[in-house]
Amino acid sequence: MEQKLEVKGMTCSACVRFVQTFISKQSGIEKVEVSLENEEAIVTSDSLSNIESLIVHMNEKTNYQISKKP
């Protein structure tokens, strides 16, 4: 399953690398593409619950705010 996520707080390419690395290390995440210009991450996972867990974990552990895109 693929999900677009809005990522707030990224200001540079180092932020993009951090977010991409952080997301890719989470359980069940198969693929991630992060865009600074679009303030988004496109995440592929084997289940929606992995993406939900990722959102909660990232919001608790980092200075970036992540949410599902409508």
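The values are calculated or read from the model by the stated rules, or taken from the named source; none is laboratory data. Given the structure is predicted, the values throughout are model-derived calculations rather than measurements. All Cβ positions, even for glycine, are placed from backbone atoms using ideal geometry, and neighbour counts span all protein chains on display. Surface accessibility is based on the protein's heavy atoms, side chains included, excluding ligands, DNA and RNA. Shrake-Rupley method; radii C 1.70, N 1.55, O 1.52, S 1.80 Å.
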Q. When Lys and Arg each count +1 and Asp and Glu each count -1, what net charge do the other residues less than 13 Å away from Ser47, Cβ to Cβ, add up to?
A. -4
Q) Can you pull the percent of the chain's accessible area that's carbon plus sulfur, 1.4 Å probe, other chains left in place? A) 47
**Q.** Point-to-point label distance, Thr21-Thr44, nm (Cα→Cβ direction, 7 Å offset)
**A.** 2.3
Q.
Skipping prolines and chain starts, which residues have an amide H placed within reach, meaning under 5 Å, of the one on Tyr64, given they are 5 or more residues away or on another chain?
A. none
Q: At 25 °C and 0.890 mPa s, grab the translational diffusion coefficient of the chain from Stokes-Einstein with a Kirkwood Rh over Cα pairs, rounded to a whole number in µm² per second.
A: 211
Q: Give the long-range amide H neighbours of Leu36: residues separated by 5 or more places, or on another chain, with amide H under 5 Å away, using H modelled in the peptide plane at 1.01 Å from N.
A: none
Q) Just the accessible area per residue of the chain, please: how many Å² with a 1.4 Å probe? A) 60
